[in-house]
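The values are calculated or read from the model by the stated rules, or taken from the named source; none is laboratory data. Just so it is clear, the structure is predicted and the values come from calculations on it, not from any experiment. Cβ coordinates were reconstructed from backbone atoms using ideal geometry, including for glycine residues, and neighbour counts include every protein chain displayed. The area values use the complete protein model at the heavy-atom level, side chains included, leaving out ligands, DNA and RNA. Shrake-Rupley method; radii C 1.70, N 1.55, O 1.52, S 1.80 Å.
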Amino acid sequence: MANVTRISIAPVKGLALVHPDEVDLETTGVLANRRFHIVDEAGRRYSQIRKGRLVEVKPSYDPVREHLALAFPDATIAEGDVRLGDEVTTDFYGRPVTGRIVIGPWAEALSRWFDRPLRLVQSAPGEAVDRGRGHVSLVSEASLRELARQAGQDDPVDGRRFRMLFEVDGVEAHGEDAWLRRRLRIGDALVRLRGTVGRCAITTQNPETGVPDFNTLRVLNEYRGLRDGQLDFGVYGEVLVPGRVRVGDVVEPLELSLVDTTA
């Protein structure tokens, strides 16, 4: 029986991950996940591809109080209650996402630390995702171990490189691929997995420092190859029935239905 071993959310896209013991999974995903993103002075997303060291900044966000804190490596903290300003639109892989500029100490702190003008943007719950109907993502620990084995190393690859919502154990390497187009019970929630996740150079970066130190794409290409023009690792899907998910909860694929085979 598979079970959840780690939960990872990113209150601010690109910054360090947060690992709660439990989350409430809504149809728009986890409320505190990817609520904020960073843009430069031209309004373009400022992501890990452009600056891997974003992961050195640790966020803490309370979506009920609308309170955000960013802890920087020099021990300084920018925090306060979120206030919103002008509306802006950001390009997310060809998909326009509307949000509002966040007023407060965070823009100045980020700009100072990364030595360029940056702004923080808040979007509506579930909007700032990489792919449509993709509010849930999942990878197995066996897949991480297999990736390490293929690279000739003993320790499993750190799953934080892939920034998936759930890591699970109790399934064989890449066994999660067999759950595609199926309904999956995760804790109290019900999801449907819709596709595999194509990987980019962000996965080569160390999740603590942002410095590239593992040639993820080369290893994936050598033992998995291109599938529909992308290097797949892990799966994504949508929430059908909201519910709470805790570390340790059972992950159970349900029997295929007519809806599954035609969705």
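Out of all the residues in the stretch 98-109, which are farther than 11 Å from Gln122 by Cβ and touching a Lys or Arg at 6+ places or on another chain (Cβ under 9 Å)?
Result: Ala107, single match.
Please enumerate the residues belonging to the stretch 90-142 that are part of a strand (DSSP E or B), among the aliphatic types (A, V, I, L, M) and open to solvent by less than 20 Å² (accessible area, probe 1.4 Å).
Listed by number, the residues that qualify are Val97, Val102, Leu118, Leu120, Val121, Val136, Leu138, Val139.
Name the pairs whose Cβ atoms lie under 8 Å apart, with the first residue in the stretch 235-256 and farther than 10 Å from Ile186 by Cα, the second of a type in the set (A, V, I, L, M, F, W, C) and open to solvent by 30 Å² or more (accessible area, probe 1.4 Å), and 6 or more positions between them or separate chains?
Close Cβ pairs (under 8 Å, with a partner that is of a type in the set (A, V, I, L, M, F, W, C) and open to solvent by 30 Å² or more (accessible area, probe 1.4 Å)) amount to Val235/Leu180.
Take the residues in the stretch 66-87 that are in contact with an Asp or Glu (Cβ under 7 Å, 6 or more places away or on another chain) and exposed (fewer than 13 other Cβ atoms within 10 Å of the Cβ), then tell me which one is farthest from Ala201 (Cα to Cα).
Per the criteria, the residue is Asp81.
Here are some residues: Ile9, Ile38, Ile49. Which one is β-branched (Val, Ile, Thr), buried (at least 21 other Cβ atoms within 10 Å of the Cβ) and under 18 Å from the mean Cα position of the chain (by Cα)?
Ile38
How many of the residues in the stretch 169-181 are within 19 Å of Arg131 (Cα to Cα) and either open to solvent by 50 Å² or more (accessible area, probe 1.4 Å) or among the hydrophobic types (A, V, I, L, M, F, W, C) (or both)?
Residues in the stretch 169-181 being within 19 Å of Arg131 (Cα to Cα) and either open to solvent by 50 Å² or more (accessible area, probe 1.4 Å) or among the hydrophobic types (A, V, I, L, M, F, W, C) (or both): 3 in total.
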